[in-house]
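Chemist: Mind looking over this structure? Questions follow.
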Amino acid sequence: MAADESAPAAVVTAAEIALLAGVTRAAVSNWRRRHPDFPRPAAGTATSPLFALTEVQQWLDRQGKGRETSTEVDLWHALRAQYGDDLLTALGAVGARLLGTAVEQPLAEPAVAALTALSAERGAHALYADLVERCIASTTRSGGEPMTTLALGRIVAAFTGPADGAAAGASDRTIGTVYDPACGIGTLLLTAVSGAHRYGQELNPATAAIAEFRARLDGETATVACGDSLRKDAFPDLRADLVVCEPPVGVAGWGRDDLLLDPRWELGVPPRSESELAWVQHCYAHTAPGGRALLVLPLSVAYRKAGRRIRAELVRRGLLASVVALPPGLMSSHAQPVHLWILRRPAQGDPAPTHIRMIDLSTTDPDSIGMGMKDCAPRPEQIADVPPVDILDDDVDLSPGRYVTPHHGDYPVEYAALRDRVQSLARDLLDLLPELPAGPGRIEAAPMGLGDLVRGGLVDLDGTEPTSRTDQLDTDYLRGFLRSAANTRRSTTASGTLRLNASGAQVPQMDIGRQREYGEAFRRLAAFEELLREAAAIGDRVGALAYDGLTKGALLPPSAATSAFSGKSESQEAQDQ
């Protein structure tokens, strides 16, 4: 992106906006979706937008969103104090309280008081939605139980209509029933289509209860059963107009030996290592004629050798309508991109499909869905309509990137813009990286335990990002020292997962002035790291563009540019000399 002389001098990331306002990044994403007047990105990329600092500050002032402790933070702190990391039980207790339902572990009085005030102010539906979003964000950062993110729910909803010709989001039939056989807390089940009756099944009883609470608070009708959908299907006769699913990934013991003769395996018995293809066929078996099934799957399901035969049957029978490559950052359990498979069950008299639509949205900003984009309708250059015969080779690879050719409208202009952006990033990176003089080699200060600060109500612990609740503790100082080598070792599990260990983490005790000095250094380092990640992404883009342009003749080496545009060959140039 070319540097703009008129652009604001100071820009901030979404993470930095969260620091300014004293909220989580999930709250910033929520503001971007729900507030039409939230500042538009002023720079950056689709996946790493940057916002004008002055515009953000003005918006925060108008909204009255500052660093003061809100009632919602008080409620979240009370839930944390009562339930610890068991956020599902906490959400279940909140839902039960809002609906007047009995629950085994009811809310304590501090949480009841905050909940009563907030529900009167916002309404039960909006409040519960905000708490669910906070729970998903917290679980994402702490490496807890995977949950379907709200951004993923919006994207799946945008593709509930035709995916092979009509605009995404348009519906070609009335959807009266929606089914999710691995519904979790109900995000896909509730986001997909409004007004339909919902059927869901979930293995975890606490999670299933939250899904049902969400449906009731949303005013939707839902039947949620508890159990294993593959081994003990709660709705064997259900044929839904729309099936949505983010199935569990890589489950070796999914029940293959007990289900070898199951009638759901229309395309073949799934291999033991291909549990995702068992879920694909389970979803298809529950799809009504003329209906669709949408599944969020890992990239490897599209090309793994063990699943080739079943993928080939999907293609041969015309059951696969589309595969959509989605951007990274949509999953709660990892940061890798995923695919959305869209299946159709032909109705009587439907013509045989002539192609499978491959869509590459891997560079789309997940937070932009529902904010100015017409859903997530792909641009023409992001689409390839592929005849089945072109897919049915030795690999049967269903990866959209194999068929969608990257499009570059004007190589010289795009390359120059990216090169300018690299130069700008290099200057900004150097400015952000603080000069750090030599120190004595150790900090002479008594340690403070993070657990003590949390129990004393001085720190709100949300996943791996603590927030100060007092003007005597600087948030950035806390977060910076929690990244020390000693604290990182305490918080890293045997499997390599980083999960903040509040009971063992320590920070040095300093006066607030000294804390702010450290906090400023840590803040600049965090911004440096964020910008460095953007620089790496742009470096990949500019490198790929340069190679592609040079090999196609759209770009020339520096030494060849003058002679090429003068109309003379290299031999003619030599003769002239």
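Chemist: For segment 242-261, name all the residues that are over 19 Å from VAL296 (Cβ atoms) and either open to solvent by less than 30 Å² (accessible area, probe 1.4 Å) or at pLDDT 90 or above (or both).
Modeler: Step one: filter segment 242-261 for residues over 19 Å from VAL296 (Cβ atoms), giving 252-253, 255-261.
If the condition is that a residue be over 19 Å from VAL296 (Cβ atoms) and either open to solvent by less than 30 Å² (accessible area, probe 1.4 Å) or at pLDDT 90 or above (or both), then GLY255, ARG256, ASP257, ASP258, LEU259, LEU260, LEU261 are the ones that fit.
Chemist: If you don't mind, there's one more thing I want to ask. Suppose the filter is open to solvent by 30 Å² or more (accessible area, probe 1.4 Å) and either assigned to a strand (DSSP E or B) or at pLDDT below 95 (or both); does ALA293 pass it?
Modeler: Spelling it out, it is not the case that ALA293 is open to solvent by 30 Å² or more (accessible area, probe 1.4 Å) and either assigned to a strand (DSSP E or B) or at pLDDT below 95 (or both).
Chemist: Of the conditions (1) surrounded by fewer than 19 Cβ atoms within 10 Å (Cβ to Cβ); (2) at pLDDT 95 or above; (3) in contact with a helix residue (DSSP H, G or I) (Cβ under 6 Å, 6 or more places away or on another chain), MET358 satisfies every one except a single condition; which number is it?
Modeler: For MET358, the failing item is (1).
Chemist: Okay, moving on. Answer yes or no: is there a residue in segment 2-13 that is within 27 Å of LEU425 (Cα to Cα), in a strand (DSSP E or B) and either open to solvent by less than 20 Å² (accessible area, probe 1.4 Å) or modelled with pLDDT under 70 (or both). Quick ask: steps written out before the conclusion?
Modeler: Keep residues of segment 2-13 that are within 27 Å of LEU425 (Cα to Cα), which gives 2-13.
Adding the requirement that they be in a strand (DSSP E or B) leaves 11-12.
Next, from what is left, pick out any that are either open to solvent by less than 20 Å² (accessible area, probe 1.4 Å) or modelled with pLDDT under 70 (or both): 12.
Within segment 2-13 (the criterion being within 27 Å of LEU425 (Cα to Cα), in a strand (DSSP E or B) and either open to solvent by less than 20 Å² (accessible area, probe 1.4 Å) or modelled with pLDDT under 70 (or both)), the answer is yes, since at least one residue qualifies.
Chemist: Restricting segment 298-332 to residues that are part of a loop (DSSP other than H, G, I, E, B) and within 23 Å of ARG272 (Cα to Cα), which is least open to solvent (accessible area, probe 1.4 Å)?
Modeler: Residue satisfying both the conditions and the ranking: LEU319.
Chemist: Okay, next question. Could you list, ordered by first residue, the pairs with Cβ atoms under 6 Å in which the first is in segment 370-394 and at pLDDT 85 or above and outside any strand (DSSP E or B) and the second is surrounded by 13 or more Cβ atoms within 10 Å (Cβ to Cβ) and of a type in the set (D, E, K, R), at least 6 apart or interchain?
Modeler: GLN382/ASP360
Residue by residue, here is whether (1) aliphatic (A, V, I, L, M); (2) open to solvent by 50 Å² or more (accessible area, probe 1.4 Å); (3) at pLDDT 75 or above holds:
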| residue | (1), (2), (3) |
| --- | --- |
| LEU19 | yes, no, no |
| ARG25 | no, yes, no |
| SER29 | no, no, yes |
| ARG32 | no, no, yes |
| GLY44 | no, no, no |
| SER48 | no, no, no |
| ALA52 | yes, no, yes |
| GLN58 | no, yes, yes |
| ASP86 | no, yes, yes |
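Chemist: Here is a list of conditions, (1) of a type outside the set (Gly, Ala, Ser); (2) within 30 Å of LEU430 (Cα to Cα); (3) surrounded by 15 or more Cβ atoms within 10 Å (Cβ to Cβ); (4) at pLDDT below 85, and ARG489 meets all of them except one; can you say which number that is?
Modeler: Checking ARG489 against (1) of a type outside the set (Gly, Ala, Ser); (2) within 30 Å of LEU430 (Cα to Cα); (3) surrounded by 15 or more Cβ atoms within 10 Å (Cβ to Cβ); (4) at pLDDT below 85, the one that fails is (3).
Chemist: What number of residues within segment 124-165 satisfy the criterion of being of a type outside the set (Ser, Thr, Tyr), open to solvent by less than 10 Å² (accessible area, probe 1.4 Å) and modelled with pLDDT of 85 or more?
Modeler: Result for segment 124-165: 9.
Chemist: Can I ask one more? Quick one: is SER194 under 25 Å from the mean Cα position of the chain (by Cα) and assigned to a loop (DSSP other than H, G, I, E, B)?
Modeler: On the way: under 25 Å from the mean Cα position of the chain (by Cα): yes; assigned to a loop (DSSP other than H, G, I, E, B): yes.
Yes, satisfied.
Chemist: Next up: Out of ILE310, ILE359, I need the residue that is among the β-branched types (Val, Ile, Thr) and within 20 Å of the chain's Cα centre (by Cα). Which one?
Modeler: Every option except ILE359 fails the conditions.
Chemist: Quick check on this structure: which one of ALA222, ALA278, ALA312 is among the aliphatic types (A, V, I, L, M) and either touching a residue at least 60 places away in the same chain (Cβ under 8 Å) or closer than 21 Å to ARG357 by Cβ (or both)?
Modeler: Among ALA222, ALA278, ALA312, only ALA312 is among the aliphatic types (A, V, I, L, M) and either touching a residue at least 60 places away in the same chain (Cβ under 8 Å) or closer than 21 Å to ARG357 by Cβ (or both).
Chemist: Give the number of residues within segment 506-558 that are of a type in the set (Gly, Ala, Ser), part of a loop (DSSP other than H, G, I, E, B) and surrounded by 14 or more Cβ atoms within 10 Å (Cβ to Cβ). Outline the logic, then answer.
Modeler: At the first step, the residues of segment 506-558 found to be of a type in the set (Gly, Ala, Ser) are 513, 519, 521, 526-527, 535-537, 539, 543-544, 546, 549, 553-554.
Within this subset, residues satisfying the condition of being part of a loop (DSSP other than H, G, I, E, B) are 553-554.
Now restrict to residues that are surrounded by 14 or more Cβ atoms within 10 Å (Cβ to Cβ): 554.
Final tally of qualifying residues: 1.
Chemist: For a quick check of your reading of the model, give me the residue pairs whose first member lies in segment 240-252 and is in contact (Cβ under 8 Å) with a residue 60 or more places away in the chain, whose second is outside any loop (DSSP other than H, G, I, E, B) and of a type in the set (Ser, Thr, Tyr), with beta-carbon atoms closer than 7 Å and at least 6 apart or on different chains.
Modeler: So the pair list comes out as ALA240/THR177; ALA240/TYR179; ALA240/TYR199; ALA240/THR287; ASP241/THR177; VAL243/TYR179; VAL243/THR287; GLU246/THR148.
Chemist: I would also like to ask the following. For segment 202-233, what are the residues that are polar (S, T, N, Q), within 23 Å of the chain's Cα centre (by Cα) and either buried (at least 19 other Cβ atoms within 10 Å of the Cβ) or assigned to a helix (DSSP H, G or I) (or both)?
Modeler: Passing the criteria: only THR207.
Chemist: Still on this model: Taking only pairs six or more apart or across chains, which ones have beta-carbon atoms under 9 Å, a first residue in segment 182-206 that is in contact (Cβ under 8 Å) with a residue 12 or more places away in the chain and under 20 Å from LEU330 (Cα atoms), and a second residue that is in a helix (DSSP H, G or I) and among the hydroxyl-bearing types (Ser, Thr, Tyr)?
Modeler: Here the result reads CYS183/THR207; GLY184/THR207; ILE185/THR207; GLY186/THR207, each pair linking segment 182-206 to a residue that is in a helix (DSSP H, G or I) and among the hydroxyl-bearing types (Ser, Thr, Tyr).
Chemist: Still on this structure, please answer the following. Restricting the search to segment 444-454, which residues are of a type in the set (A, V, I, L, M, F, W, C) and surrounded by 12 or more Cβ atoms within 10 Å (Cβ to Cβ)?
Modeler: First pass over segment 444-454, keeping only residues of a type in the set (A, V, I, L, M, F, W, C): 445-446, 448, 450, 453-454.
Result: ALA445, MET448, LEU450, LEU453, VAL454.
Chemist: From the residues in segment 395-416 that are hydrophobic (A, V, I, L, M, F, W, C) and modelled with pLDDT of 90 or more, which one is farthest from SER29 (Cα to Cα)? Let's see the steps before the verdict.
Modeler: Residues of segment 395-416 that are hydrophobic (A, V, I, L, M, F, W, C), as a first pass: 396, 398, 404, 413, 416.
Filter once more, so that each one left must be modelled with pLDDT of 90 or more: 396, 398, 404.
Values: VAL396: 37, LEU398: 31, VAL404: 29 Å.
Once the filter is applied, the top-ranked residue is VAL396.
The values are calculated or read from the model by the stated rules, or taken from the named source; none is laboratory data. A quick note: this is a predicted structure, and the numbers were derived from the prediction, not measured. Every residue, glycine among them, receives a Cβ derived from its backbone with ideal geometry; neighbour counts consider all protein chains shown. Areas reflect the complete protein model, heavy atoms only, side chains present, ligands, DNA and RNA absent. Shrake-Rupley method; radii C 1.70, N 1.55, O 1.52, S 1.80 Å.
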